[in-house]
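The values are calculated or read from the model by the stated rules, or taken from the named source; none is laboratory data. What you see is a predicted model, and the numbers here were worked out from it, not measured in a lab. Reconstructed Cβ throughout: ideal geometry from the backbone, glycine too, with neighbour counts over all protein chains shown. The area values use the complete protein model at the heavy-atom level, side chains included, leaving out ligands, DNA and RNA. Shrake-Rupley method; radii C 1.70, N 1.55, O 1.52, S 1.80 Å.
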Amino acid sequence: MDAATPAAAQFELNEDQRAIQEMTAAFAAEKVAPFALEWDKERHFPSDVIRETGALGFGGIYIGDDVGGSGLGRLDAVLIFEALAAACPGFSSMISIHNMAAWMIDTFGSEEQRQRFLPAMTSLEWLASYCLTEPGSGSDAAALKTRAVRAGGNGSDYTLNGTKQFISGAGDSDVYVVMARTGEDGPKGVSTFVVPKDAPGLKFGPAENKMGWHMQPTRQVIFEDCKVPAENLLSGEGAGFRIAMAGLDGGRLNIAACSLGGAQSALDKALSYAQERVAFGKAINQFQALQFKLADMEIELQASRIMLYTAASKLDRKAHDAGKWSAMAKRFVTDTCFDIANDALQIHGGYGYLHEYGVEKLVRDLRVHQILEGTNEIMRLIVARHLIGR
């Protein structure tokens with residue numbers, strides 16, 4: 001679908017988009033799906049496999065091609081994250097986070113910054129993390145306390161102090177896009193810095209013991225008199241909150257796509273199990289109650305897909321209501337797809353509770369999508385503000 005295609009014509013994918021789907025699904029089936037349960041069990045971060053996706057263009061999906069990016073649209077990106085998540089939502093989400101960080105540099109960085117950072121990021125030689133959330137500021141992102149103070153004899157550096165919480169890839173990523181306070185309280189005092197892993201004073205907490213997303217590390221990112229060159233500041237002081245919020249529209253679509261791919265996998269598993277499982281002398285998919293459940297799961301999945309693709313096309317077209325649609329899609333898709341995965345577990349009965357069937361992993365992995373990139377309660381607040389004109 002071309003970015004200018006009106007909503008009424010959605011959603012027949014064009015030949016290029018079908019090729020993107022097929023290429024991504026083939027990679028995921030060979031390189032991710034066979035190992036996803038082992039990675040989850042061992043809490044292994046497959047950074048080598050993630051970096052392999054750089055050769056497919058996944059290190060800079062919607063980044064300019066002059067720095068090695070693929071130059072694709074947001075709908076194209078959604079197709080990629082959906083296909084990867086069908087193999088493992090945690091794997092897909094890590095690549096989503098990297099792309100969000102890279103997009104911020106591509107969109108808000110100077111030409112010198114773009115050329116300095118992005119070629120290594122688009123090739124996935126460098127993996128990136130995004131650092132906004134803090135122990136005391138989650139939904140109220142503008143209340144962040146991490147502070148950056150101009151330092152050095154000629155003001156050539158900033159010194160950062162503070163702690164970021166729940167940072168995916170922390171300790172393993174090579175680059176951190178960090179929101180820190182350079183001025184007054186509130187959103188106008190926030191700035192954005194690109195911090196390399198080897199920056200003096202940058203430290204990491206122990207890996208968090210999480211409910212899901214076991215295959216990717218989540219740690220605190222700690223700044224203790226961390227020295228960052230002033231040339232790593234994006235768009236000048238005070239632009240950080242605007243950069244963070246702009247990045248989240250796309251990030252919300254990406255994480256919804258990860259939910260969609262995971263839910264599709266859950267439904268596929270439920271359909272296969274219901275055909276094979278025999279009870280009271282016949283396959284359980286012959287019972288009308290279960291047929292109705294499967295039908296509802298498919299209806300909800302397709303409704304999620306149409307809403308997500310619509311939101312992505314609006315962001316591609318820079319529609320005036322793209323922000324509202326991104327919030328609506330994130331809320332609806334992540335809630336609905338978690339329910340689909342949970343229903344798939346119920347259909348499996350006791351077997352769904354076993355790790356080897358892969359359904360309980362999907363339930364655990366999809367649950368966090370209702371929290372990150374803005375909780376679904378915040379999504380409702382965004383939509384309500386659009387409705388009442390605030």
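Could you figure out which of (1) part of a helix (DSSP H, G or I); (2) open to solvent by 10 Å² or more (accessible area, probe 1.4 Å); (3) closer than 29 Å to Arg147 by Cα isn't true of Ala83?
Every condition holds for Ala83 apart from (3).
List, please: which pairs have Cβ atoms under 8 Å, are six or more places apart or on different chains, and start with a residue in the range 373-390 that is closer than 20 Å to Ala246 by Cβ and end with one that is among the acidic types (Asp, Glu) and modelled with pLDDT under 95?
Final answer for the pair search is His386/Asp321.
Hey, among Gln220, Gln275, which residue is over 24 Å from Met179 (Cβ atoms) and open to solvent by 40 Å² or more (accessible area, probe 1.4 Å)?
Matching residue, one of Gln220, Gln275: Gln275.
For a quick check of your reading of the model, give me the residue pairs whose first member lies in the range 289-316 and is under 17 Å from Ile255 (Cα atoms), whose second is modelled with pLDDT under 95 and exposed (fewer than 14 other Cβ atoms within 10 Å of the Cβ), with beta-carbon atoms closer than 8 Å and at least 6 apart or on different chains.
Correct list of pairs: Thr310/Ala7; Ser313/Ala7; Lys314/Asp321.
Is it true that Ser259 is in contact with a Cys (Cβ under 8 Å, 6 or more places away or on another chain), crowded, with 24+ Cβ neighbours inside 10 Å and within 25 Å of Phe81 (Cα to Cα)?
yes
State the number of residues belonging to the range 115-159 that are open to solvent by 10 Å² or more (accessible area, probe 1.4 Å), touching a residue at least 60 places away in the same chain (Cβ under 8 Å), of a type in the set (A, V, I, L, M, F, W, C) and outside any helix (DSSP H, G or I).
2
Among the residues of the range 261-280, which ones are under 16 Å from Phe292 (Cα atoms) and among the acidic types (Asp, Glu)?
The answer is Asp268, and nothing else.
Within the range 278-313, take every residue that is of a type in the set (Phe, Trp, Tyr) and open to solvent by less than 80 Å² (accessible area, probe 1.4 Å) and give me the one that is farthest from the chain's Cα centre (by Cα).
Within the range 278-313, the match that is farthest from the chain's Cα centre (by Cα) is Phe287.
Hey, any hits in the range 54-73 for a residue that's closer than 19 Å to Leu260 by Cβ and assigned to a helix (DSSP H, G or I)?
No, that holds for no residue.
From the list Phe11, Phe35, which one is open to solvent by 10 Å² or more (accessible area, probe 1.4 Å) and at pLDDT below 95?
Phe11
Condition check ((1) open to solvent by 30 Å² or more (accessible area, probe 1.4 Å); (2) among the charged types (D, E, K, R)) across all residues:
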{"position": "Lys330", "(1), (2)": "no, yes"}
{"position": "Ile340", "(1), (2)": "no, no"}
{"position": "Ala344", "(1), (2)": "no, no"}
{"position": "Val359", "(1), (2)": "no, no"}
{"position": "Arg367", "(1), (2)": "yes, yes"}
{"position": "Glu373", "(1), (2)": "no, yes"}
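Is it the case, given these coordinates, that Val333 is among the aliphatic types (A, V, I, L, M) and in contact with a Phe, Trp or Tyr (Cβ under 9 Å, 6 or more places away or on another chain)?
Taking the combined requirement at face value, the residue does not satisfy it.
If Pro196 passes every condition in (1) more than 23 Å from Ile95 (Cα to Cα); (2) surrounded by fewer than 18 Cβ atoms within 10 Å (Cβ to Cβ); (3) of a type outside the set (A, V, I, L, M) but one, which one does it miss?
(1)
Among Ile61, Ile97, Ile50, Ile105, which is open to solvent by less than 10 Å² (accessible area, probe 1.4 Å), within 12 Å of Asn254 (Cβ to Cβ) and out of contact with any Asp or Glu (no Cβ under 6 Å at 6 or more places or on another chain)?
Ile61
Could we say that Tyr176 is surrounded by 22 or more Cβ atoms within 10 Å (Cβ to Cβ), touching a Ser or Thr at 6+ places or on another chain (Cβ under 7 Å), outside any loop (DSSP other than H, G, I, E, B) and not small (Gly, Ala, Ser) here?
Considered against the rule, which asks whether it is surrounded by 22 or more Cβ atoms within 10 Å (Cβ to Cβ), touching a Ser or Thr at 6+ places or on another chain (Cβ under 7 Å), outside any loop (DSSP other than H, G, I, E, B) and not small (Gly, Ala, Ser), Tyr176 comes out as yes.
Of (1) of a type outside the set (Ser, Thr, Tyr); (2) open to solvent by less than 40 Å² (accessible area, probe 1.4 Å); (3) closer than 16 Å to Glu224 by Cα; (4) in a strand (DSSP E or B), Ala170 satisfies all except one. Which?
Of the numbered conditions (1) of a type outside the set (Ser, Thr, Tyr); (2) open to solvent by less than 40 Å² (accessible area, probe 1.4 Å); (3) closer than 16 Å to Glu224 by Cα; (4) in a strand (DSSP E or B), the odd one out for Ala170 is (4).
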